[in-house]
Amino acid sequence: MESLDALLEALDRDAAAEAALLVSRAEQQAQGIRTRAEAERDRRRGEAVGRIEALGRREVARAAAAAARRFLESRLRERARVVDRIFAQAAGELGAAGPERYAALLPGLIHETLRFLAGAPAVVICRPEIAAVVERQRPGESEVTVRASADAAAGILGQSADGRVVVDETLPALLRRRQAELAIALAVRLEAG
């Protein structure tokens, strides 16, 4: 019987050792599963945080770009208003300018006007102060008549008798023709401060 008791004891010890080994392996596997699960949870959390941060960065960049665009548009509108006011004031001053302000330009203005009106009946309208100068530069055989008007803008306005050809060499018209070029130069000066 002793040998049976020893055998049963040995079997109990073996069974207990095997059970302990199985429990240890199960605990190790469970720990491995927990570790992998925590790692997966941390990875997914990191991906989610990364997506949220990337989305936030994109939204911030989008909002900053929109704000910059609105600011630039506002600045451009204001600059356009300033440039328009400057040109309106300049056109008014040029239209009322006395002949001494454009005396150097007058021969060229007269020549350009008469060149386009040559060979056909036409009228040149100018201020009374320069009518004699325009008359002297008009070719003798020309069918162009000079009409002085106190309401005329500074410079020369010519038109054919039938009204199909109009040559506007008044100072406000010269300003309008160069307005785009001058607006760029003015905008550069405004930006420079």
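List of remarks:
- Exposure proxy order (Cβ contacts within 10 Å, fewest to most) of Ile184, Ile130: Ile184, Ile130
- The stretch 33-92: translational diffusion in µm²/s, Stokes-Einstein, Kirkwood Rh over Cα pairs, 20 °C, 1.002 mPa s: 136
- Taking 0.36 nm per residue of separation and subtracting the current Cα-Cα distance, fully stretching the chain between Glu191 and Thr145 would add 11.8 nm.
- With both labels modelled 7 Å from their Cα along Cα-to-Cβ, the Ala65 to Arg164 distance reads 5.5 nm.
- Close amide H contacts of Ala120 (hydrogens built in the peptide plane, cut-off under 5 Å, sequence separation of 5 or more or a different chain): Glu143.
- Between helix 179-192 and the chain: long-axis angle, C-alpha atoms, 0 to 90°, nearest 10: 50
- Compared with the dominant principal axis of the Cα atoms in the chain, helix 128-137 is inclined by about 80°.
- Relative contact order [Cα under 8 Å, 6+ residues apart], the chain, whole percent: 18
- Seen against the Cα atoms of the chain and their longest principal axis, helix 2-95 is set at about 10 degrees.
- Placing +1 on the Cβ of every Lys and Arg and -1 on the Cβ of every Asp and Glu, with no other charges, gives the stretch 1-66 a dipole of roughly 1240 debye about its Cα centre.
- Those trypsin sites (Lys or Arg not before Pro) in the stretch 119-193 that DSSP places in a loop and that have at most 15 other beta carbons within 10 Å: Arg164, Arg178
- Nearest-0.05 FRET efficiency for Ala30 and Leu72, computed from C-beta distance (R0 41 Å): 0.10
- With the simple spin-label model, which puts each label point 7 Å out from Cα in the Cβ direction, the Ala103 to Gln137 separation comes to 1.4 nm.
- Largest first, the three principal axis extents of the alpha carbons in the chain are 158, 34, 22 Å in whole numbers.
- With N the number of residues in the stretch 99-181, Rg(Cα) / (2.2 N^0.38 Å) evaluates to 1.02.
- Applying 0.36 nm per residue to the separation of Arg178 and Val82 and subtracting their alpha-carbon distance, the gain on full extension is 32.8 nm.
Bear in mind that the values in this text are calculations on the coordinates, not laboratory data. If you're wondering where the values come from, they're calculated on a predicted model, not measured in any experiment. Please note: Cβ atoms are built from the backbone with ideal geometry, for glycine as well, and neighbour counts cover all protein chains shown.
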